[in-house]
Amino acid sequence: MANRVTIYIHNQRYAFLAEEDESYLQQCADIVNKEMDEAMAGTTLSVTDGAVLAAMNVADKYCKERQVADNLRAQLKQALDENARLAKELSEARREARKAAKAAKAAKAAPKAEEG
């Protein structure tokens, strides 16, 4: 169910109808408000120009965070691939160890059979 939420950004009232709860929307509004305040500080920019500058700053941060996330996903994939490779090596080593143990047991049993 959609929530009706009113927030303020740069002293302007905005009403939203959203699935997200009010605290989440207020958190988003706080980010936008901070960016607007920083963009307009000490300037004579119009609200529209300030909003565009704030949007560009938010987009810049988003793009940089997305690059970090992409890098982390690539590192995780690499680690998972390495883990799979090592698990396969371990499985093969165990199989070889069992094979060697059977061969050693058979070698011990063979002389006794010859003696009898």
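Restricting to the range 1-16, and then to whatever is within 19 Å of GLU35 (Cα to Cα) and not in a strand (DSSP E or B), can you tell me which residue is farthest from the chain's Cα centre (by Cα)?
ASN11
For ALA101, indicate whether it is out of contact with any helix residue (DSSP H, G or I) (no Cβ under 9 Å at 6 or more places or on another chain) and loosely packed, with under 10 Cβ neighbours inside 10 Å. Before the answer, list the steps.
Numbers: out of contact with any helix residue (DSSP H, G or I) (no Cβ under 9 Å at 6 or more places or on another chain): yes; loosely packed, with under 10 Cβ neighbours inside 10 Å: no.
Spelling it out, it is not the case that ALA101 is out of contact with any helix residue (DSSP H, G or I) (no Cβ under 9 Å at 6 or more places or on another chain) and loosely packed, with under 10 Cβ neighbours inside 10 Å.
Scan the range 2-26 for residues that are of a type in the set (A, V, I, L, M) and open to solvent by less than 80 Å² (accessible area, probe 1.4 Å) and jot them down. First the steps, then the outcome.
Keep residues of the range 2-26 that are of a type in the set (A, V, I, L, M), which gives 2, 5, 7, 9, 15, 17-18, 25.
ALA2, VAL5, ILE7, ILE9, ALA15, ALA18, LEU25, listed by residue number.
Which ones in the range 27-70 are of a type in the set (A, V, I, L, M) and open to solvent by less than 50 Å² (accessible area, probe 1.4 Å)?
Quick first cut of the range 27-70, residues of a type in the set (A, V, I, L, M) only: 29, 31-32, 36, 39-41, 45, 47, 51-56, 58-59, 68-69.
Hits for the range 27-70 are ALA29, MET36, ALA39, MET40, ALA51, ALA54, ALA59, ALA69.
Between a residue in the range 14-28 that is under 11 Å from ASN3 (Cβ atoms) and any residue that is assigned to a helix (DSSP H, G or I), which pairs come within a Cβ distance under 7 Å, given they are 6 or more apart or on different chains?
The qualifying pairs are PHE16/LEU25; ALA18/LEU25.
Scan (1) farther than 30 Å from ALA39 by Cα; (2) of a type outside the set (S, T, N, Q); (3) surrounded by 10 or more Cβ atoms within 10 Å (Cβ to Cβ) for the single condition LYS108 breaks and write down its number.
Among (1) farther than 30 Å from ALA39 by Cα; (2) of a type outside the set (S, T, N, Q); (3) surrounded by 10 or more Cβ atoms within 10 Å (Cβ to Cβ), the lone unmet condition for LYS108 is (3).
Working only within the range 17-39, note down all residues that are farther than 20 Å from TYR62 by Cβ and assigned to a helix (DSSP H, G or I).
Taking the range 17-39 and keeping what is farther than 20 Å from TYR62 by Cβ, we get 17, 19, 21-23.
Passing the criteria: GLU22, SER23.
The values are calculated or read from the model by the stated rules, or taken from the named source; none is laboratory data. Being a predicted model, the structure only gives us computed values, none of them experimental. Using ideal geometry, Cβ is built from the backbone for each residue, glycine included, and neighbour counts are taken over all protein chains shown. Side chains included, ligands, DNA and RNA excluded: accessible areas come from the protein's heavy atoms. Shrake-Rupley method; radii C 1.70, N 1.55, O 1.52, S 1.80 Å.
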